[in-house]
Every structure is written in structure tokens, then in C-alpha cells.
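Taken together, the values in this text are just the output of simple stated rules run on the coordinates, not laboratory data. Quick caveat: nothing in here was measured; it's all calculated off a predicted structure. As a convention, Cβ positions derive from the backbone with ideal geometry for all residues, glycine included, and neighbour counts pool all protein chains shown.
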Amino acid sequence: MKRIAVLGSTGSIGTQTLEVVRANSEELCVTALAAGTSVAKMEEQIREFHPKFACMWTEEAAKELRRKVADQEVTILSGMEGLLEIAADPSSDVVLTAVVGMIGIRPTIAAIEAGKDIALANKETLVTAGHIIMPLAKKKGVQILPVDSEHSAIFQSLHGEPKARMEKILLTASGGPFRGWTRDRMANIQVEDALKHPNWNMGHKITIDSSTMVNKGLEVMEAKWLFDAELDQIQVIVHPQSIIHSMVQYVDGAIMAQLGTPDMKLPIQYALFYPDRRPMAGKRVDFFELGSITFEKPDPENFEGLALAYQAARTGGSLPTVFNAANERAVALFLAKKIGYLQIPELIRGAMEAHKVTPAPNVQEILEAEQFAYDWIASKGL
């Protein structure tokens, strides 16, 4: 029986992870759950999966949850201290990190320090702290198993091959709902438009990030750390059908790809059972129905988020943190309808230009760079 702690259990990845657990209940069990403030959803999950621990981000939400599940044998924790306790607790084998944002850094470090394998769905952890996380994982002998569909595809395409044989990572992108649009056409995009992803069913922030191509930029940075690749070895390819989830080109010119329907449960299940594979219900790719698949070059002029991500990654140090944090705040403002769509990359660029880079930042310096981005945006009256 493999024991799983799920950080971010009420979000899109968390709920799909629990679907995988539900379908494999003889081999997987949940020892801990953590969420933000969704008390009602957490109560349902506690009653179904009977974890040892549950954690809410605020003490207020934790108090309400304690009252609602007083009849259950579960310890309710709160805040960062609760996340750290869950991450380090010896009753789990794997910690799946699906929290949104840089909240995931410290629990991931705590879990690695405790010798847990990490099923990683929180890309900000590697974007901002890859230089800390990857050496620590190697030192502790734990596996970082990617849950993002693209990174899982790369991981599967690399399986069994020495790194020296890899020539290039071909990172696919759907292009989002505004593929082919110019900046002029994007000027009046509303929140409701940006939340209509053509292929994937995801949380609000990642859906907006996908539409701006910022998400692909974050994935480039994550791939750099996960697969020890140079930025020049990572090529983004727009593939609107989202059937090829990513590819690896080898030194002899051969290309290995992982294909499948756009279903996040596949990479989640692969990470939880790695190196094994288990049967999974669901739709299969029908090539006759599909007919054809197409590819396009990305458009960094009209989708500046991708170009800014490469700039942040090439500079390194604390700049990827500022890129990520400025985007996080800008997206929150857009979702709250306080800024326009095109102000998202404008705010990211402005924060990056204003920031003095710290090389190889420690965790405290990473958090300070995050705060810098928030403060800079606030200084603009936003």
C-alpha cells in the first residue's frame, strides 16, 4: 500500500489525484490532505478518504473544519506550520504538491529532508528554487516525479536513456484560446474569454497562464531543472490538438513522444505508481477520428510572457521568482477585473526591470524577491 499526502487536495490536480486513489483503493491510501479555505470540500474528502491529518491555510477555516469533522479521527492543522508537519510526517511515502504558488517551496524541502518522494504539480517550486531543490533531492536520494502533463511526457520519453543521449526537449503548447491573435485583437479580452481553454479543464490561474503563454514559460524553467537541460535545448512547439504532450529528440535524430488524450489523471497515476503502469479507464486516442495533428511556431511578440520567461531563466538568480510572483499578482488582479488582459505581461516586465538580481538566492532571499514583486505592483496603485 502506497501512502499519499496531497497538498492542494481541493483544487483541480488534487481532486483528480483523489479520483486516481479512489480507482486504486487497494494499492493507494491517503494519509494527509491540505487545502486553502474550501472547508465543505475538505469535509467531504475527510469523510471519504479518512486521512490522519488535514490542514487548512487559515486558522479560521481550520476551526470551522474541526467543528464539522469532530466525529472523525483526524488532526486538523493550519497554516505553513501545518503544511510542514504534514510534509515531514513519516506516515506518508509520497507527497503530491499541488498547491498554487510559492507556498509549495518550504513543504517540498521539508518532505525531501524527510526522505519522501515528491509528485510535483507545483511548478513554482522549481522555477524559483530549482537550484536548491534538485541538489537536495539528489543528496537525499529521493525522486522528483513530474505531474504536469508535459514534464511527465518528457520523463516518459527519456525513460531508460542516459542524459548524454538527449539533444533537445520539444515542449508542446496548445496555444490557448487566443492562438493566432495579435495584441490589438487581445486588447478587450475579458476574464470569461480567457477562462475558456480549448482542451484542458484546469484551475483559474493556470488557465489564464496558459492563455498568456506564461505557463509555457514556467514549464521551460521547470524542464531546465527537472532534466538538467540548457535553455537552448528546450524548444517550445505549438500543437493545438494537445495529443502529443511533449517529445525528446536524441543525438542520432530519433524523436520519442508521449501521446494521449488531454487527461491529467494519466500523468498523476504514472507518478504515483512509477515505475509501474496500471490500467486506467477513459477515452483513448482514435487516430482515424483525429485525422491530423498540426504544429506551429510560438509567437513571443504577441505573447510576451514566453519571451519574458526565457529572459528570466537566462539571467537566473532571483529574477525567475520576480517573473513568477509578478505574474501571480497580475493574474489575481485580472481575475478580480481590476486590470486589463494586456497589463499582465506589462506588469511582469516592469517588475523584472525594476528588480536588482540576487545570484543563487536562499529560501529567505527567494521570499524577499517575491515580496519585492508584490510591493512593486502595489506601488502602481494596484
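Using the Karplus relation 6.51 cos²θ - 1.76 cosθ + 1.60 with θ = phi - 60°, the per-residue 3J(HN,Hα) values for the stretch 106-111 come to 5, x, 5, 4, 4, 5 Hz, with x marking Gly and Pro.
Extension gain for the segment residue 2 to residue 287, taken as residue separation times 0.36 nm less the Cα-Cα distance, is 99.1 nm to one decimal. Treating r as the C-beta distance of residue 15 and residue 252 and R0 as 51 Å, the FRET efficiency rounds to 0.75. The convex hull drawn around the Cα atoms of the stretch 103-143, when projected onto a plane and averaged over every direction, covers 2.4 nm². For the stretch 209-362, taking Cα atoms only, Rg and Dmax work out to 18.0, 54 Å respectively. Across the cross-link table entries 52/265; 168/283; 224/297; 216/265, which are compared at the Cα atoms, the separations over 27 Å belong to 168/283. Residues 310, 341, ranked from the fewest to the most other C-beta atoms within 10 Å, line up as 310, 341.
Spin-label model, residue 232 to residue 80: label points 7 Å out along the Cα-to-beta-carbon direction sit 3.9 nm apart. With both labels modelled 7 Å from their Cα along Cα-to-Cβ, the residue 204 to residue 297 distance reads 3.7 nm. Between the stretch 116-154 and the stretch 226-271, how many Å separate their Cα centres? So the two Cα centres are separated by 16 Å.
Is the shape of the chain best called rounded, prolate or oblate, per the rule: a/c under 1.5 gives rounded, else a/b larger than b/c gives prolate, else oblate, with a ≥ b ≥ c the square roots of the Cα gyration tensor eigenvalues? Judged from the Cα gyration tensor, the chain comes out rounded (a/c under 1.5). A viscosity of 1.306 mPa s and a temperature of 10 °C, combined with the Kirkwood radius over Cα pairs in Stokes-Einstein, give a translational diffusion coefficient for the stretch 281-382 of 103 µm²/s.
From its DSSP helices (H runs of at least four residues, each -39,500 (n - 2.57)), the chain gives a residue-normalised ellipticity at 222 nm of -14000 deg cm²/dmol.
What whole-number distance in Å separates the alpha-carbon centres of the stretch 167-193 and the stretch 2-24? Cα centres, the stretch 167-193 to the stretch 2-24: 29 Å. Of the GluC sites (Glu not before Pro) in the stretch 289-382, the ones in a loop by DSSP (not H, G, I, E or B) with at most 15 other beta carbons within 10 Å are 301. Projected label points at residue 276 and residue 190, each 7 Å from Cα along the beta carbon direction, are separated by 5.0 nanometres.
P(r) tail, the stretch 2-146: Cα-Cα pairs separated by more than 24 Å, 24% of all pairs.
Result for the chain in a Gaussian network model with C-alpha springs under 10 Å: among 204, 159, 50, the largest mean-square fluctuation is at 159.
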